[in-house]
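Beneath this line is the structure, given in structure tokens, with notes to follow.
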Amino acid sequence: MADFLVLAIESSCDETAAAVVKNGRTVLSNVIDSQIDIHTKYGGVVPEIASRNHIANIDRVIRTALSDAGVTLSQIDGIGVTKGPGLVGALLVGVAEAKAIAFAADKPLIGVNHIEGHVCANFIEHPDLEPPFLCLIVSGGHTHLAMMEDYGRFDILGRTVDDAAGEAFDKVARAIGLGYPGGPKIEKAAKEGDPESIRFPRGKVDGSAYDFSFSGMKSAVLNYLNHEEMMGNPISVPDVAASFQQAVIDVLTEHAVTAAKELGQRRLVLAGGVASNRTLRAALQKACEAQGITLYVPSPVYCTDNAAMIGAAAYYHFAKGERDGMDLNAVPGLRL
Ligand code: KG4
Ligand code: ZN
């Protein structure tokens, strides 16, 4: 088959992103326009502001993605866009843009599940990686343990019953005064702290080996902070950050390695924004090595939201002959 170039668009949260990806694996360009500085003022993503900034920036981001790749729109074989899950107003900007381009340039169109995109980020740097494999997806909105049975086909083993892992990082960061975005700030503070200093609970979900619960862990941090404050004790932000981070890492590692052993899987694929956490990557690497499991992780730039991962996922849908029509819509609550 001749080379197939996807122009991919991602606008599900606070990153306006576009990329050109060849044959689902080779990234020709990857442009990410982050709104982090804008939302930091408000301590989190403000949906209406995110949508407005997507509108203001998306044309420029797409033009840059095409020129960085050294191609024109006429050389593009298909348009891929995140259709969900995410913020509805933010998603609609990308979906409307993708439909307009597909219609005007007469190109096939496909809507992509953002969570699937995170997993497919692994295809970019691991050319030998093909499903089926076990995957652990940890982002700001989602925490899933799943089997990717085939391209575009997942079997969910467990998911969070309350907060997502990244959400817990963000909430704890706010509570200890580190602000937004929480994950990278906790990781940085934790470097100076002792992960064994405070024992936070490793959340378990009754009756399920693979579901996750992070809200109890977050509440335990809040209770600890209140208690210490009442007692007039000083709080060590690095110790709280390191101990909380360790609790999250222990739960993620235990779930993933248990699933790999029980299902006889020799490969574990890590994905999502939280996967850029170096302490998590190192802990999982060590646990996997001990069990003879190969761990696959994307580079940090492909862990947090980007359009290259959407281009990778879109390619495999196009390859199966799937197409969306002009009735494609944003699906904010889309599940994997
Ligand atoms: O995948 P992503 O960019 O967006 C969603 O699809 O949700 O993930 C964003 C989440 C945020 O909650 C952020 O705090 C977390 O990923 N995150 C991290 C790190 N970098 C980003 N969490 C822990 N450690 C990090 N280094
Ligand atoms: Zn994401």
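The values are calculated or read from the model by the stated rules, or taken from the named source; none is laboratory data. Remember, it's a predicted structure, so these values are computed and weren't measured experimentally. Cβ placement follows ideal geometry from the backbone for every residue including glycine, while neighbour counts extend to all protein chains displayed. Just so you know, the surface numbers come from the protein's heavy atoms only, side chains and all, with ligands and any DNA or RNA stripped out. Shrake-Rupley method; radii C 1.70, N 1.55, O 1.52, S 1.80 Å.
Side notes on the structure shown:
- Failed item in (1) buried (at least 21 other Cβ atoms within 10 Å of the Cβ); (2) of a type outside the set (Gly, Ala, Ser); (3) in the same structural domain as Ser276 (by TED's automatic domain parsing), with Ile110 passing the rest: (3)
- In this structure, His144 does not satisfy being open to solvent by 20 Å² or more (accessible area, probe 1.4 Å) and within 18 Å of the chain's Cα centre (by Cα).
- Here is the figure for segment 156-170: residues that are surrounded by 20 or more Cβ atoms within 10 Å (Cβ to Cβ) and either closer than 22 Å to Asp239 by Cβ or in contact with a Lys or Arg (Cβ under 9 Å, 6 or more places away or on another chain) (or both) total 7.
- Selection within segment 228-279 - small (Gly, Ala, Ser), more than 16 Å from ligand 2 (Cβ to nearest atom) and open to solvent by less than 10 Å² (accessible area, probe 1.4 Å): Ala241, Ala242, Ser243, Ala247, Ala256, Ala259, Ala260
- Residues of segment 65-83 that are open to solvent by less than 50 Å² (accessible area, probe 1.4 Å) and under 8 Å from Val20 (Cβ atoms): Ala65, Leu66, Ala69, Val71, Ile76.
- Residues of segment 167-191 classified as part of a helix (DSSP H, G or I) and touching a Pro at 6+ places or on another chain (Cβ under 9 Å), total: 5
- For the residues Ile310, Ile293, the requirement of being of a type in the set (Val, Ile, Thr), open to solvent by less than 20 Å² (accessible area, probe 1.4 Å) and assigned by TED's automatic domain parsing to the domain that holds Lys22 singles out Ile310.
- Sole exception among (1) within 21 Å of Tyr315 (Cα to Cα); (2) free of Cβ contacts under 8 Å to residues at least 40 places away in the same chain for Leu28, by number: (2)
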